[in-house]
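S.K.: This structure is in structure tokens; I'll ask about it shortly.
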Number of protein chains: 4
Amino acid sequence: MEIKFIAVGGTIDKVYFDSLSRYEIGESNINDILKDGRINFKYKVSSILKKDSLDMTDQDRLIIHQAVQAEINDKIIITHGTDTMIETAKVLADIKNKVIVLTGAMEPAKFKSSDAIFNIGFAVAAVQTLPHGVYLAISGKIFTPDNVMKNRILKQFEEKM
Amino acid sequence: MEIKFIAVGGTIDKVYFDSLSRYEIGESNINDILKDGRINFKYKVSSILKKDSLDMTDQDRLIIHQAVQAEINDKIIITHGTDTMIETAKVLADIKNKVIVLTGAMEPAKFKSSDAIFNIGFAVAAVQTLPHGVYLAISGKIFTPDNVMKNRILKQFEEKM
Amino acid sequence: MEIKFIAVGGTIDKVYFDSLSRYEIGESNINDILKDGRINFKYKVSSILKKDSLDMTDQDRLIIHQAVQAEINDKIIITHGTDTMIETAKVLADIKNKVIVLTGAMEPAKFKSSDAIFNIGFAVAAVQTLPHGVYLAISGKIFTPDNVMKNRILKQFEEKM
Amino acid sequence: MEIKFIAVGGTIDKVYFDSLSRYEIGESNINDILKDGRINFKYKVSSILKKDSLDMTDQDRLIIHQAVQAEINDKIIITHGTDTMIETAKVLADIKNKVIVLTGAMEPAKFKSSDAIFNIGFAVAAVQTLPHGVYLAISGKIFTPDNVMKNRILKQFEEKM
């Protein structure tokens, strides 16, 4: 059993640069999170983009689609910005024979009170138990892309009415 | 969808008492972990024991069995010491029509590098996706009770050979 | 013995707002830091500005000067942005009969690897041992305002050559 | 300016061993704490004992005395268990021409809510500003050895009545 992690950016990997007085997307936190999680499975991590998801273009989504399509592993977790995670999930919906789970975080992994660790743990279970398909795994729930919305006021994901 | 959490002790909830110069099992960390996880589902937490699992007796396991059996919710996560989690899982194996997931941690939740948050996130996904039955969810993998052992040297859970 | 803390902004109190996809200056972290420090002295905290120090004006520095001048306590710690902490210290240099220590952080207090806690502990000792005057307490050293510069490349404070 | 750190044990460096189901004293946390503190001074660290201070003997205190006496640096911070820190400070009181600051922590440095970082920051300022002598730097205050007691109920240090 092997899991492939693909990091494409998002709040989860934001860091603070004092010299620039702002946040930028840094290296993926997946290795550190899995290490503290003391996990016992094989995995690989690639970082293919470092985009805030508000800045993602169709071209970026095509790059992600290609990476997922080409991936030998059938268990893939994508760490992604939360703002347009649903759009990217819809673009991936035609990929067959893979369990594709998108997750991210509302607060950077480097923050003490971040949801990043919880969300990665959550996604790691989801990718092992769900049938082939594309899912969002965040706010402690599993969603299919056509059935979810981001509630920006409450900063959480919910089923569409 | 509602999840019931039952805390029975274990390393996950150990705290350090300077005045006694040792550890004791403190309050359950579940509420804090779910809050940082920014979860969007209903849940309840009960703390029914505060036992190190090396100290668990048949009587304790009966108490746990009764609590799980009586629980209206069909999704139950039990936080438990790792040393005898497998024994408790076996005792619960006869309970029908519930998804029962046992997890815990190798390092207390109050430690900076603890596996607790990852494991709770992991268990929260597992309990929503697995079919009825009893499972251990730890070391980033899902095990059935008859097919797992704790590797004390590597401090992880593995499939039995 | 009582210490007065005056928070005026800076990286130390920056938080991340996912909905705005950027940082803002939040509430002062001093109370939480002193609580974990298990300190045993009386103190008060006021938050008089929430400014990034690159945005500080002469008017802001006048406000700070007035607050420090009017303060009954003779031991004052000011948490301030690091970019123009030296300028503010120079403006305060004419205030007599007080120990005034400026500190801050290169990374927000809410980050796991922040220097905030170390710097506050450092400033709390400095304000109790130094003679009357104005000082910067950061990068693990104590500086007088005319003898220090911020090295933006190394992100630390150093004596002027 | 160079500071010498001497680690002799204590709660500050306690770690949790799941396989032993208890805490033991691990490696000194000083390097990690100074790194996050982004300090800008030279320092050395030696670990000469790994003792819980309730277990310290006269022989141990002699070892500490010899190490401090022989130290070329005149600025020394000793991380020590809090239970008998006062006794060790008294044994060191005859050493001349050095600033010797003892500190430690009520909760291990590896805990999220530890006082360790605050105390080390505090001690680092104290050792640079105090005149030659022996001091305890903890609970946010500086004490001389003949004028302090540990209040075990409140878990803090206070001036003797």
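The values are calculated or read from the model by the stated rules, or taken from the named source; none is laboratory data. Keep in mind it's a predicted model, so treat the numbers as computed, not measured. Using ideal geometry, Cβ is built from the backbone for each residue, glycine included, and neighbour counts are taken over all protein chains shown.
S.K.: Take the range C:27-39 and flag every residue that is in contact with a strand residue (DSSP E or B) (Cβ under 9 Å, 6 or more places away or on another chain) and crowded, with 17+ Cβ neighbours inside 10 Å. Break it down into steps so the answer makes sense when it comes.
M.R.: Within the range C:27-39, the first condition is being in contact with a strand residue (DSSP E or B) (Cβ under 9 Å, 6 or more places away or on another chain), and the residues that meet it are C:27-31, C:34, C:38-39.
Once the filter is applied, which keeps residues that are in contact with a strand residue (DSSP E or B) (Cβ under 9 Å, 6 or more places away or on another chain) and crowded, with 17+ Cβ neighbours inside 10 Å, the range C:27-39 yields C:S28, C:N29, C:I30, C:L34, C:R38, C:I39.
S.K.: Let me ask something else about it. Checking the conditions here, which among B:T79, B:T57 is more than 14 Å from chain A (Cβ to nearest Cβ) and either closer than 27 Å to B:Y16 by Cα or touching a Gly at 6+ places or on another chain (Cβ under 9 Å) (or both)?
M.R.: Working: B:T79 fails: more than 14 Å from chain A (Cβ to nearest Cβ).
Within the list B:T79, B:T57, the selection yields B:T57.
S.K.: Look at D:E107 and say whether it is within 9 Å of chain C (Cβ to nearest Cβ), over 23 Å from C:T103 (Cα atoms) and modelled with pLDDT of 95 or more. I'd like the intermediate steps shown before the answer.
M.R.: Values: within 9 Å of chain C (Cβ to nearest Cβ): yes; over 23 Å from C:T103 (Cα atoms): yes; modelled with pLDDT of 95 or more: no.
For D:E107, the condition - within 9 Å of chain C (Cβ to nearest Cβ), over 23 Å from C:T103 (Cα atoms) and modelled with pLDDT of 95 or more - is not met.
S.K.: What tally of residues in the range A:28-55 results from selecting those that are out of contact with any helix residue (DSSP H, G or I) (no Cβ under 7 Å at 6 or more places or on another chain), farther than 16 Å from A:V101 by Cβ and not polar (S, T, N, Q)?
M.R.: 8
S.K.: Can you name every residue in the range B:115-156 that is more than 7 Å from chain A (Cβ to nearest Cβ), out of contact with any helix residue (DSSP H, G or I) (no Cβ under 8 Å at 6 or more places or on another chain) and part of a strand (DSSP E or B)?
M.R.: B:G133, B:F143, B:N151 - these are the residues of the range B:115-156 that are more than 7 Å from chain A (Cβ to nearest Cβ), out of contact with any helix residue (DSSP H, G or I) (no Cβ under 8 Å at 6 or more places or on another chain) and part of a strand (DSSP E or B).
S.K.: Let me ask another. Test C:A67 against the stated conditions and say whether it is within 26 Å of C:D32 (Cα to Cα), more than 14 Å from chain D (Cβ to nearest Cβ) and either over 15 Å from the mean Cα position of the chain (by Cα) or not hydroxyl-bearing (S, T, Y) (or both).
M.R.: Numbers: within 26 Å of C:D32 (Cα to Cα): yes; more than 14 Å from chain D (Cβ to nearest Cβ): yes; either over 15 Å from the mean Cα position of the chain (by Cα) or not hydroxyl-bearing (S, T, Y) (or both): yes.
Spelling it out, C:A67 is indeed within 26 Å of C:D32 (Cα to Cα), more than 14 Å from chain D (Cβ to nearest Cβ) and either over 15 Å from the mean Cα position of the chain (by Cα) or not hydroxyl-bearing (S, T, Y) (or both).
S.K.: Filter the range D:57-70 down to the residues that are in contact with a helix residue (DSSP H, G or I) (Cβ under 9 Å, 6 or more places away or on another chain) and touching a residue at least 40 places away in the same chain (Cβ under 8 Å), then identify the one that is farthest from D:K90 (Cα to Cα). Give the derivation first.
M.R.: At the first step, the residues of the range D:57-70 found to be in contact with a helix residue (DSSP H, G or I) (Cβ under 9 Å, 6 or more places away or on another chain) are D:58, D:60-62, D:64-65.
Next, only the ones that are touching a residue at least 40 places away in the same chain (Cβ under 8 Å) stay: D:60, D:64.
Numbers: D:D60: 14, D:I64: 12 Å.
Here the answer is D:D60.
S.K.: Would you confirm, using the coordinates I've provided, whether B:E2 is touching a strand residue (DSSP E or B) at 6+ places or on another chain (Cβ under 7 Å) and surrounded by fewer than 16 Cβ atoms within 10 Å (Cβ to Cβ)?
M.R.: Numbers: touching a strand residue (DSSP E or B) at 6+ places or on another chain (Cβ under 7 Å): yes; surrounded by fewer than 16 Cβ atoms within 10 Å (Cβ to Cβ): yes.
Yes.
S.K.: Applying the selection to the range B:66-95, what residues are surrounded by fewer than 17 Cβ atoms within 10 Å (Cβ to Cβ) and assigned to a helix (DSSP H, G or I)?
M.R.: B:Q66, B:Q69, B:A70, B:E87, B:K90
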